[in-house]
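Since the structure comes first, as structure tokens, the remarks are kept for the end.
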């Protein structure tokens, strides 16, 4: 879905929800890292933490910028993970919300 398929109001709503979802994801990640780092017991656990951080960094960087072309997929994932609620997307076209709901079920 490209920019022309989004109204300016929808873009504002989507960017706000996107930022909120990313902030929640970052907070969850920080908690996970704190838990994992408090349980380091040997070099292997340190390497595992490094691998985890590398994977998560790649994921965060891939989701850091709002893109109308991939927004429905991003929101479906965020809804699925509990980072964004459908209510936060109120104001988007009903077809977009229906697609997000459907995709979040998989």
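Take residue 16 and decide whether it is modelled with pLDDT of 95 or more and either farther than 29 Å from residue 101 by Cα or loosely packed, with under 14 Cβ neighbours inside 10 Å (or both). For residue 16, the condition - modelled with pLDDT of 95 or more and either farther than 29 Å from residue 101 by Cα or loosely packed, with under 14 Cβ neighbours inside 10 Å (or both) - is not met.
Residues in the stretch 63-93 that are more than 18 Å from residue 27 (Cβ to Cβ), free of Cβ contacts under 8 Å to residues at least 60 places away in the same chain and loosely packed, with under 13 Cβ neighbours inside 10 Å: 65, 87.
When you scan the stretch 26-33, do you find a residue that is more than 16 Å from the chain's Cα centre (by Cα), more than 28 Å from residue 88 (Cα to Cα) and surrounded by 11 or more Cβ atoms within 10 Å (Cβ to Cβ), even just one? No, every residue in the stretch 26-33 fails to be more than 16 Å from the chain's Cα centre (by Cα), more than 28 Å from residue 88 (Cα to Cα) and surrounded by 11 or more Cβ atoms within 10 Å (Cβ to Cβ).
Is at least one residue of the stretch 88-96 under 16 Å from residue 12 (Cα atoms) and within 10 Å of the chain's Cα centre (by Cα)? No, the stretch 88-96 contains no residue that is under 16 Å from residue 12 (Cα atoms) and within 10 Å of the chain's Cα centre (by Cα). Which residues, taken from the stretch 32-69, are more than 30 Å from residue 13 (Cβ to Cβ) and not in a helix (DSSP H, G or I)? Passing the criteria: 39, 40, 41, 42.
Restricting attention to the stretch 70-104, the residues that are touching a helix residue (DSSP H, G or I) at 6+ places or on another chain (Cβ under 8 Å), in a loop (DSSP other than H, G, I, E, B) and at negative phi add up to 5.
The values are calculated or read from the model by the stated rules, or taken from the named source; none is laboratory data. Everything quoted here is computed from the prediction, not taken from an experiment. All Cβ positions, even for glycine, are placed from backbone atoms using ideal geometry, and neighbour counts span all protein chains on display.
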